[in-house]
Each structure stands twice: as C-alpha cells, then as structure tokens.
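What follows is one structure encoded as structure tokens, with my remarks underneath.
The values are calculated or read from the model by the stated rules, or taken from the named source; none is laboratory data. Bear in mind the structure is a predicted one, so any value in this text is a computation, not a measurement. Note: ideal-geometry Cβ built from the backbone for every residue, glycine included; neighbour counts use all protein chains shown. The area values use the complete protein model at the heavy-atom level, side chains included, leaving out ligands, DNA and RNA. Shrake-Rupley method; radii C 1.70, N 1.55, O 1.52, S 1.80 Å.
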Amino acid sequence: MIPTKTKFDLKLGMATREAFGKALVEAGRRNKDVVVCDADLSKSTYTSLFHHEFPDRFFSCGIAEANMVAIAAGFAYAGKIPVAASFSCFVVNKGFEQLRVTVAYPKLNVKIVGTHSGISIGEDGPSQMSVEETALACSLPGFVVLSPADEVSTTALVHAAIDHVGPVFIRTGRMKAPVIYPAEQKFEIGKAVELIDGSDVTVIATGLLVAEAIRAQEALEAEGISVRVIDFHTVKPLDRETITRAAAETGAIVVAEEHLIDGGLGVRVAQAVAETHPCVMEFVGLHDTYAESGSPEQLLDKYGLISRDVIAAVHRALARKK
Amino acid sequence: MPGPISHSKIEPDSFTPFRRCSSSASCKIEVPMMQKKTVPEMQVIAKRMRREIIEMIGAAKSGHPGGSLSAVELVVTLYFNEMRHDPANPKWADRDRFILSKGHAAPVLYAAMAESGYTPLDQLNTLRKLGSIYQGHPDVRFIPSLEASTGSLGEGVSLALGMALAARLNASPSRTYVMLGDGEIQEGQVWESAMFGAFHKVDNVVAIVDYNGIQLDGFVKDIMEVKPLADKWRAFGWHAIEINGHDIPAIQAAFQEAAGTKGVPTAIIAHTIKGKGVSFMENNPKFHGTAPTPDEVKLALQELQ
Ligand SMILES: Cc1ncc(C[n+]2csc(CCOP(=O)(O)OP(=O)(O)O)c2C)c(N)n1
Ligand SMILES: [Mg+2]
C-alpha cells in the first residue's frame, strides 16, 4: 500500500499506449519468443518501436484484425508469445469470434493489446471509440483483463502479462496519462492497489478514472468525507477480497470507469458485493450511449467522466447509506 | 471561423434510412434532380472542394487529408454528374446512393454534400468539434441525409449490397456506389461481400477502389500488398475496370460501362495519387492522418488557386 499521506501531483506522463510500446521492446529483449502482430496501426499502437528493433519478429497483418488474432493463435500453438495490437474496438470487436473460439476456448498464450480505448480519443468519434471491449473481453473464459492507469503500471503489467501463461487483454489509452505511481511500485495481476485509505466510502476506479478518483478524494477530504481510493488495474480476475473489505469497512462503493456501465468493471464489482457483503453502490461510466466528436476534455466533461462526477456519485452513495 | 453550431441530435432509432413510398404511384413522381455538370464545371468544383478539405482539416487540427484529396474527382463525378439524387428531397426512395466505406475520408464527402446543398457550406470548418454535424467520421445521427455511418473499415460493400438488393426487391432503379480504400480491402469482409455480390448478381452496385498505394503505416506494398487488384475482383466474379481516378471523362465512361454491365456487379479500380493537388502531400504517407499546420494550409491554398 502506498502511504496514506502521499501527495499525488498527477504530473502528465506518457500515454499508456506509449508505455506499452516501450515495455514491449524491453520484453522482446528479455524473451526471444515474443513476436508482435499489428494491423496497420503500428505508429498509433507504438508497436513500431518493436518493429524497429526486431524486424524479424514483427508481422504486418494489414487492415485485417480477425485474421491477425488467428495468426497470433497459430504462433501460440507453436510455442511463441504473440502480442497482437490495434485500436481496442477493432481488435476486440472485429476479432471477437477468433478470440472466442480460436484463443479463449483452447486457452492459448495470446496477448491482445488495445489502444485508443474509451471516449478520450476525442475528434475521431464513436466509430474508433472502444466503450464495450472490457465487457466483451471479460466474457471470455480464462482471459485476464488489465486496464492500467499510468505509465508505471502499464510497464509493469505488460511484463506481468508476458510472464503469465494464458490469454490476456490489455486496455490502453491515447492521451497522456497522469503519473500515479513511483517507478519502483510493484504490481501483481489480480491484486488491486489501495492508493488512499478512507472510512466513509470507497471509490474503485480503473484506467483514466483513477486520477479523477484521486482528485475527487482531495476535494471530498476538504468536505470532511473520508474516501478510500483503489486502483483496479485488473478487471479480471477480480480482487474480491479487496472489494469485500471495502464493502465491510466503508459501507458504500462508487465504481468509475471510461466504459459503458453495462458489462463494465462496475457490474463485476456489484456482483462480488452482492455475493459477499451487500452495500450501497453508485456507478460512473457511460450510460447506454455512444459519444461523438470533440476534444477529449470536452467529451469527458459532457459524458460525465471527470472528478466532478465521482464527487456527485459519492454524495449520492452517502445519502443512500444513511 | 464559425464556432460550434447547435443542432438537434437525431437518435438512431428515429431515423429511417428507407422510407418506402406509401403508394407505388408516388414512386413514379418526377423528382427534380441535381442538374448534371459539365467536365470543366466539375473541375472547378473539384478544386474548390480540395480547398475546403484543406481548410476544414486545418481548422480541426486533425483528420485525414491524403485519402480525401485522392478521391475528389471520383466523388465530384458521382455527386455532380452520375448519381440521380436530389438534395431538396434527400429521402427520395429511388435515389442513387453513395457510401463512403473509407469513412476517415469524411472531408471529401462533407465537401461534396455541402457543395450539393445537403448541408451548410459555412459550417465545414466546424469539422470534428463538439456539436458539429461534421463529425470525425460520417455519422447519420448528425447528418440524416448521409446513407450510412462508417469508420470501421471493411463494411461498406456489404451495406451497399443490402441496399441494392432492397432496391431490386422494390423494383427501384436506384443504384448504389461504395468507395473503398486500397488498404481497406485487406479486410476479409470485403472479400466475403465480393463473393456475395457476384453470387447474387447484384448488378446495381458499383465498388470504387481508391487505389492510391498508401495506407496508415506506409505504402500498401510494404504493409500488405494487394496486387493484382483488378484480377482479384475478376476472380471473385465482378466486372473490373481500371482507370485514372483523376480523369473525369474516364470516370464517367467507367460509370457508363458499369451501368451497361448486367448480371454481375462492377468494381472500378481507380488509380489515384494520395494527397493529390498539394505538392507536399502527394504520395506522402505522413499526410494520411496528419492535419496541415497553419503554414502548410496557406501553402496548400496557394497551390490550389
Ligand atoms: C477496422 C479498422 N481498422 C483500422 C482502422 C484505422 N485506420 C483508419 S484509416 C486506415 C488506413 C486506410 O488506408 P486506405 O484504405 O488505403 O485508405 P486511404 O488511403 O484511401 O486513406 C486505418 C488502418 C479503421 N478505421 N478501421
Ligand atoms: Mg490507400
């Protein structure tokens, strides 16, 4: 656990997609079995860095994500550790049947990395915005689903994903992300990180919303509300122990994510809460809608994904908790 | 530059892309169509559209200039000469339809629709801004006169075939045109739809491949070669025509040949130059998805005088 009184300065760091690309090169150096597939987006996913250093282990698949996923499965059958990357929406949605039958069903050692997740890609609009892939990825039996918040956690989790034997999906974003962790922070797949201790309410957040949860906590502390903030960098398998403890000790949980509420982290947490220690819950996320074009900041504001919305959800939760 | 415009957002559910004529008689009503433009007139419009494309992407500070500029003559010829359509009556059931399957080239479509009178010209520079009808990729929720929302590559031919078969069932003369990128045709769905189109003899569909040799990460030959392109379509049972996609009379002739081709769909392989019309964008992969800087906008507009 990070000491409670750590001040988070939330300085902007690398985008999680860039941290992924850099970590992938390092993974390639450590393990010669790592091979990379990309679907005409290597400049955007930063797999171009791997391509540059290991041209023989990089495979250009063209704009053909479904095929790419099955090619990666072939590599895995042959003992390689394939990493297939594209925008989250294209690799998961176009490749879903291949992910289901060709990767998940035989539980192959395939790593899928989606970049440009959520609505914070901005101007390109909904056709490129991935808001449902976490639900889809979590629905695949045996898949590990990771959703890191900053460059430090992304780097560590990319290495953890390579070391893990089995299918993994990693969700990364386009925008530069605030740095949350010290460089030496350790991460474990399936073990959430309690960033700030608190006793009135817990905010469970993932991805970009972790920084918003920290901002919300700072504002709420000034109101005299004690907020526990937890980073769920692993959406599956879910850290039920941490959830149960939060439910028991704070009696109210808000879940915040840059994803559709349907099928997202929030409903997964709610299931765990219902099964272990029922308590009041509120949700911050996209409410059954697609977004539109605009700047990332405008969209996060308009669609209710900033600290203001976390604060409002906390107030709702506390009002119901009485 | 105009600020973000207000609009009433149309929910997808309330949008009926196909309003069938209530009586067969109303289908026969003569609808005043766009007047056909001459080749010199279309060349003037093409140049103006290139300027609009540069200006709107420059104002948005993001977007895809290369594949918009390569498609200008093809889109101009469709909207101002080939297609039977009526901007005053965008939901006319028997209209010809155009689907921009390579949705990232939205600026060329927006310029053509605005020039035709479907949408406001003076708002083009709101492209990609919050509240603009000119979304990053074509979005029927914002422009109901669009034929389809696109942006995920590889799906347009399937859409076109569905529309065209509906026209056939309705005994409508409507023809459907769909434009694809040469990188886009790497998607498997394109070839699934190609098989379908030939098998079902959908001869009221024309697929146009904007063969500009460049995709996102670089040259098509380095990412995933698609040669021999015309032969591929022929092998899938389509009538294939290869033309210079910047030569308006050649484009007209190809559309005419397509209209005269019965029993099989037609694919027009249009050899083009990505970034056409702006020297520093031509054949330059950088301008697939990079907006020109204000200085580059100035330079480009000078070249497009
Ligand atoms: C399914 C899907 N995968 C990836 C992308 C991202 N993308 C946008 S444009 C593009 C390259 C398109 O190249 P091409 O089809 O040749 O278009 P053009 O040269 O006409 O711009 C890619 C990969 C996408 N929009 N859809
Ligand atoms: Mg191309």
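Observations on the model:
- Flag if B:I241 is touching a Ser or Thr at 6+ places or on another chain (Cβ under 9 Å), open to solvent by less than 60 Å² (accessible area, probe 1.4 Å), of a type outside the set (S, T, N, Q) and assigned to a helix (DSSP H, G or I): no
- Pair list, Cβ under 8 Å, 6 or more apart: the stretch A:73-85 residue touching a residue at least 12 places away in the same chain (Cβ under 8 Å), other residue surrounded by fewer than 23 Cβ atoms within 10 Å (Cβ to Cβ) and among the hydroxyl-bearing types (S, T, Y): A:A73/A:T102
Residues checked against (1) among the basic types (K, R); (2) at positive phi; (3) surrounded by fewer than 21 Cβ atoms within 10 Å (Cβ to Cβ); (4) assigned by TED's automatic domain parsing to the domain that holds A:G294:
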position: A:K111; (1), (2), (3), (4): yes, no, no, no
position: A:H116; (1), (2), (3), (4): no, yes, no, no
position: A:I121; (1), (2), (3), (4): no, no, no, no
position: A:S139; (1), (2), (3), (4): no, no, yes, no
position: A:V144; (1), (2), (3), (4): no, no, no, no
position: A:P148; (1), (2), (3), (4): no, no, no, no
position: A:S153; (1), (2), (3), (4): no, no, no, no
position: A:L157; (1), (2), (3), (4): no, no, no, no
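- Looking across the stretch B:166-182, the residues that are out of contact with any His (no Cβ under 9 Å at 6 or more places or on another chain) and within 13 Å of ligand 2 (Cβ to nearest atom) come down to B:M179, B:L180, B:D182.
- Boolean, B:Y177 is aromatic (F, W, Y), assigned to a helix (DSSP H, G or I) and under 14 Å from the mean Cα position of the chain (by Cα): no
- Cross-chain or 6+ apart pairs with Cβ under 9 Å, the stretch A:197-220 first and modelled with pLDDT under 95, then surrounded by fewer than 22 Cβ atoms within 10 Å (Cβ to Cβ): none
- Condition met for B:S149 (modelled with pLDDT of 95 or more, part of a loop (DSSP other than H, G, I, E, B), open to solvent by 10 Å² or more (accessible area, probe 1.4 Å) and within 14 Å of chain A (Cβ to nearest Cβ)): yes
- Residues in the stretch B:73-95 include none that are open to solvent by less than 10 Å² (accessible area, probe 1.4 Å) and within 14 Å of chain A (Cβ to nearest Cβ).
- Here the condition is being away from chain B (no Cβ under 14 Å) and crowded, with 23+ Cβ neighbours inside 10 Å; of A:A66, A:A19, it holds for A:A19 alone.
- Residue check, B:P228 in contact (Cβ under 8 Å) with a residue 60 or more places away in the chain and surrounded by fewer than 21 Cβ atoms within 10 Å (Cβ to Cβ): no
- Residue ID - farthest from the other protein chains (Cβ to nearest Cβ), chosen from residues in the stretch A:77-105 that are surrounded by 23 or more Cβ atoms within 10 Å (Cβ to Cβ) and of a type in the set (G, A, S): A:A84
- Top-ranked residue of the stretch A:40-63 - restricted to ones that are at the interface with another protein chain (Cβ under 7 Å from one of its Cβ atoms) and assigned to a helix (DSSP H, G or I), ranked as least open to solvent (accessible area, probe 1.4 Å): A:S42
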